[in-house]
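Below is one structure, written out as structure tokens, with a few remarks after it.
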Amino acid sequence: MSISDYQYLHVPARRLNTSVAAEPFLNGTSSNYVEEMYYAWLENPRNVHKSWDIFFRNANAGAPPGAAYQSPPPFAGTSQGLASVQALVGAQPNVEKLVEDHLAVQSLIRAYQVRGHHVTRLDSLGIMAADLKLKWSRESKQTFRCFYGLAESDLDKVFRLPTTTFIGGNESSLPLREIIRRLEMAYCQHIGVEFMFINDVEQCQWIRQKFETPGIMQFSLEEKRTLLARMIRSTRFEEFLQRKWSSEKRFGLEGCESLIPALKTIIDKSSQSGVESVIMGMPHRGRLNVLANVIRKELEQIFCQFDSKLEAADEGSGDVKYHLGMYHKRMNRVSDRLITLSLMANPSHLEAVDPVVQGKAKAEQFYCGDTEGKRVMSILLHGDAAFAGQGIVYETFHLSDLPSYTTHGTIHVVVNNQIGFTTDPRMARSSPYPTDVARVVNAPIFHVNADDPEAVMYVCNVAAEWRNTFHKDVVVDLVCYRRNGHNEMDEPMFTQPLMYKQIKKQKGVLQKFAEKVIAEGVITMQEYEEEVARYDKICEEAYARSKDEKILHIKHWLDSPWPGFFTLEGQPKSMNCPSTGISEEELGHIGNIAASVPVEDFTIHGGLSRILKGRGNMVNQRVCDWALGEYMAFGSLLKEGIHVRLSGQDVERGTFSHRHHVLHDQNVDKRICIPMNYISPDQAPYTVCNSSLSEYGVLGFELGFAMASPNALVLWEAQFGDFHNTAQCIIDQFISSGQAKWVRQNGIVLLLPHGMEGMGPEHSSARPERFLQMCNDDPDVFPKLSEDFAVRQLYDCNWIVVNCSTPANYFHVLRRQILQPFRKPLIVFTPKSLLRHPEAKSSFDDMLPGTHFKRIIPDDGAAASGPEKVKRIIFCTGKIYYELTRERKNRGMDEAVAVVRIEQLSPFPFDLVKAETDRYLNADLVWCQEEHKNQGYYDYIKPRIRTTISRTRPVWYAGRDPAAAPATGNKQTHLMELQRLLDTAFDLEAFSGKV
């Protein structure tokens with residue numbers, strides 16, 4: 001065991017006279033002579049002189065200050081031993097006092113590094129301590145010094161500095177007075193640094209050097225002039241909006257105008273390091289200013305958003321200006337390199353965009369081969385209350401270092417208003433800082449007073465360098481205030497009177513900074529006024545141009561354009577979808593890959609050998625089950641150059657042990673094989689990745705990944721379908737309504753295992769009723785039919801909802817996602833028991849060229865041969881079909897009852913359902929489902945069938961009664977309910993006489 005291992009394991013801080021001796025030893029301080037002897041003593045007490053042995057033994061035993069040293073026994077023969085000790089300590093007679101003073105100074109240095117941020121001057125209002133539970137006096141010099149036993153008389157003594165500080169610059173020793181002064185300058189001014197919890201010595205030393213090195217925070221005249229120009233733009237933009245639209249909500253940036261130069265500094269520094277693309281996400285506060293002065297959106301496009309008479313040019317004009325996104329490629333003047341900036345659209349769920357940004361950044365890195373995050377990066381902006389209060393922040397942080405989800409470092413910028421809407425921080429969080437959640441991934445946190453633009457600029461430079469150096473997350477906490485209320489119409493004095501009295505007295509940050517740089521001679525008052533007038537003129541001219549805008553074109557606000565995918569007008573290039581079938585040869589080839597282990601000397605589990613053998617037998621018999629049908633779809637798309645990404649909890653094996661896309665060597669730890677990547681030499685890569693136990697974060701991430709390119713099949717699978725409800729925000733705010741709000745098409749696929757198997761309510765229902773309720777097709781209007789009706793219907797819908805009953809139909813619907821000329825989200829209620837149901841198999845004939853996805857599957861038995869004899873049509877979807885056909889056969893009713901499967905629930909197949917109802921004119925109509933009446937599909941299906949038949953016949957219900965829970969937990973009750981609904985479905989007299 002090494003010395004360092006020993007010290008961490010065996011020397012608890014309380015044993016070495018906590019404050020004086022142990023802390024520097026336990027935190028990597030190993031350079032000066034005392035420490036070197038201490039480490040040597042830890043390894044073997046005989047390595048040091050007996051006097052030091054006694055001292056260290058006493059200190060470790062908890063001896064009080066001043067009692068650890070004891071005179072050693074006389075040295076045999078001569079006084080050479082004592083002389084050597086005296087030589088070590090500079091021939092000082094009081095060895096113990098000297099040792100303890102040096103240890104105290106080192107502990108003092110470490111105290112500033114660990115706790116200095118508690119006493120920084122972060123709040124420009126002078127109201128709030130940095131730490132809400134502050135225990136340290138602001139008189140930090142005296143407090144820290146006295147705590148470590150250093151007297152006034154020690155201030156002028158010279159102490160040797162450890163290598164764990166850079167305050168000495170080129171000097172190795174300094175007087176205590178100067179040591180404290182430099183520590184105060186480094187850690188107790190307008191910047192508070194939290195980093196000592198990081199367990200990497202190199203990273204800690206890197207941060208120390210950036211903040212402790214004397215005189216390191218210096219800026220050239222040109223840098224100061226640039227900073228002033230950016231502050232002018234930030235401030236005057238808000239003032240211009242206030243003058244022109246004083247009664248409009250805009251969620252302005254007043255009180256944190258330094259955010260704009262902060263972001264521009266990060267982007268400049270990152271661009272100089274080689275970053276070509278920056279993906280950003282933010283809440284609404286300051287969004288218009290960021291769009292104008294960071295992304296560089298045309299000002300007239302922003303100003304015209306305030307025109308209430310503006311007409312919408314398309315369906316996407318459905319969100320307000322401070323939620324919209326933007327994509328822009330421009331030249332960065334600092335680095336002289338092109339950079340692409342993308343600000344993602346975000347709803348009022350403030351932090352919901354966090355994983356979406358990460359997913360899009362990951363996708364861009366993936367498609368450009370950026371395996372280290374050197375070309376593509378993400379920046380996330382947060383509010384203080386949301387950063388601490390919304391769990392998605394924590395979920396997103398925990399994705400940051402996972403192999404399939406890392407974006408190699410995100411820079412988080414917190415606009416810390418020190419208040420929520422009206423809620424005081426003491427009521428909004430339990431942690432001292434809003435940023436404490438970032439500590440979970442060892443991200444350094446730089447708190448900075450936002451009224452000091454130079455300090456802001458410096459920490460943003462350091463944050464960008466950190467991300468570029470270590471490719472890990474970092475947080476910049478801009479401690480500011482909100483000059484107005486939550487929005488410009490809000491009155492903050494109702495709830496925070498003292499704070500807002502102080503804010504009204506507060507001089508603006510631009511005014512303070514301008515006075516400072518003018519006093520320094522950086523710029524003259526005339527030059528400053530000319531710069532202000534120049535930007536005001538730019539705003540006025542843009543305002544005049546904005547009056548010419550009569551129509552709002554939301555396509556100008558796309559955050560993820562897909563070049564070449566649509567026409568210039570944003571329309572699909574055609575309304576045709578080719579056959580989704582593939583050749584017999586390709587089916588056989590992919591099937592054989594699925595049944596093999598394409599790596600030599602790879603030992604698989606015995607049970608898996610049987611599964612692969614079973615797949616091989618199916619291929620020989622030209623049939624496939626659910627898992628093999630999925631394999632065929634994925635494999636064929638990969639072979640055509642389409643990237644496939646499947647993500648979610650346990651997707652590699654499959655929750656129900658049916659998929660096995662990742663094989664594990666039983667003899668070699670962590671050795672895996674993914675057969676899907678061995679289909680063709682020039683295939684696209686297949687990504688299959690188990691996720692963290694998160695739905696909200698991971699679904700948001702996959703949504704963002706799917707935004708980056710239309711030429712990828714991105715799927716998220718819930719472990720069980722009902723687990724999607726913890727990701728409901730992503731589903732409601734982005735997936736179902738994203739195109740309507742932001743003209744943001746997305747082809748993400750949600751796989752939701754669904755089906756009542758008598759196993760209780762928790763894993764039975766993916767809640768189909770919720771998805772169907774959010775569909776935008778009209779139940780009361782029979783659509784106008786045309787040759788391209790099926791495809792156009794898909795184009796007009798907000799998402800597609802299917803419940804496939806055959807592997808072939810599942811195969812086709814997955815391939816259709818890519819082959820159709822546009823992208824829509826796809827919701828698939830996938831089976832559980834059908835995964836291994838002997839009847840739930842498909843022939844290769846149903847997957848050959850010329851075949852398509854079947855929106856409905858008509859009855860092809862005896863009933864279809866004599867439709868005039870049929871007394872009842874049972875419409876159904878999914879698993880219940882197999883129970884219905886079994887019951888029909890047992891009752892001998894094959895000719896009397898037709899069972900029709902509706903595979904595509906939304907958009908509703910009006911045309912095909914009409915064909916079936918016209919075919920069986922003498923039959924009554926029944927909708928049968930296994931779900932309870934107030935759940936499932938009934939409320940969606942019934943009015944649409946009624947519209948199809950012009951309300952000429954009733955549509956009866958066969959299923960479970962209404963209930964609060966999705967399913968019973970009693971097996972016997974489950975079977976009784978199932979038999980009851982089957983009895984109702986096949987009782988031809990059940991509905992006679994009812995109206």
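General remarks:
- Label separation (Asp436 vs Glu298): 4.9 nm, computed from points 7 Å beyond Cα along the C-beta direction.
- Size-normalised alpha-carbon gyration radius of region 602-847, reference 2.2 N^0.38 Å: 1.02
- R0 of 60 Å, Cβ-Cβ distance Arg426-Arg177: FRET efficiency to nearest 0.05: 0.95
- Taking 0.36 nm per residue of separation and subtracting the Cα-Cα distance, full extension of the segment from Ile127 to Glu787 would add 230.6 nm.
- Between Gln972 and Ser680, the modelled labels are 5.7 nm apart [label points 7 Å from Cα along Cα→Cβ].
- A Förster radius of 60 Å, combined with the Cβ-Cβ distance separating Met759 from Ser583, puts the computed FRET efficiency at roughly 0.90.
- Calculated from backbone phi, Karplus (6.51, -1.76, 1.60) coupling profile of region 659-669 in Hz, x at Gly/Pro: 8, 6, 7, 10, 9, 10, 5, 6, 10, 10, 4
- Listed pairs Lys224/Lys537; Lys573/Lys741; Lys547/Lys824; Lys362/Lys879; Lys97/Lys210 exceeding 26 Å between Cα atoms: Lys547/Lys824; Lys362/Lys879; Lys97/Lys210
- Whole-Hz Karplus values for region 362-368 come out as 4, 5, 5, 4, 4, 6, 9 Hz, taken residue by residue from phi with 6.51 cos²θ - 1.76 cosθ + 1.60 and θ = phi - 60°; glycine and proline positions read x.
- Count, lysine Cα pairs under 22 Å in region 463-516, 8 or more residues apart or across chains: 5
- Between Met489 and Tyr367, the C-beta separation translates, for a Förster distance of 60 Å, into a calculated FRET efficiency of about 0.90.
- Residues Asp477, Asp894, sorted so that the one with the fewest Cβ neighbours within 10 Å comes first: Asp894, Asp477
- Label positions at Lys573 and Asp336, each projected 7 Å from the Cα along the C-beta direction, are separated by 3.8 nm.
- Candidate cross-link partners of Lys50 among the aspartates and glutamates, defined by an alpha-carbon separation under 19 Å and a same-chain spacing of 8 or more, comprise Glu35, Glu36, Glu96, Glu100.
- Scanning residues 5 or more positions from Thr603 or on other chains, those with amide H under 5 Å from its amide H are Gln666, Asn667, with H placed 1.01 Å from N in the peptide plane.
- Region 478-588 - percent relative contact order, Cα under 8 Å, separation 6 or more: 9 percent
- Extension gain for Asn199 to His328 (0.36 nm times residue separation, less C-alpha to C-alpha distance): 42.6 nm.
- With a cut-off of 15 Å on the backbone N, the residues of region 658-683 near the modelled label site 7 Å out from Ser609 along Cα-Cβ are 664-667.
- Cα Rg over Rh - region 865-986, Kirkwood: 0.96
- One Cα centroid belongs to region 577-612, the other to region 285-302; the line between them spans 52 Å.
- Across the chain, the relative contact order, built from alpha-carbon pairs under 8 Å that are at least six residues apart, equals 9 percent.
- Here the gap between Asn592 and Asn47, fully extended at 0.36 nm per residue and compared with their Cα-Cα distance, gives a gain of 189.5 nm.
Each value in this text was obtained by applying a stated rule to the coordinates, not by laboratory testing. Note that the coordinates shown come from a computational prediction; the quantities given were computed from them, not determined experimentally. Note that we place each Cβ from the backbone using ideal geometry, even for glycine, and neighbour counts take in every protein chain shown.
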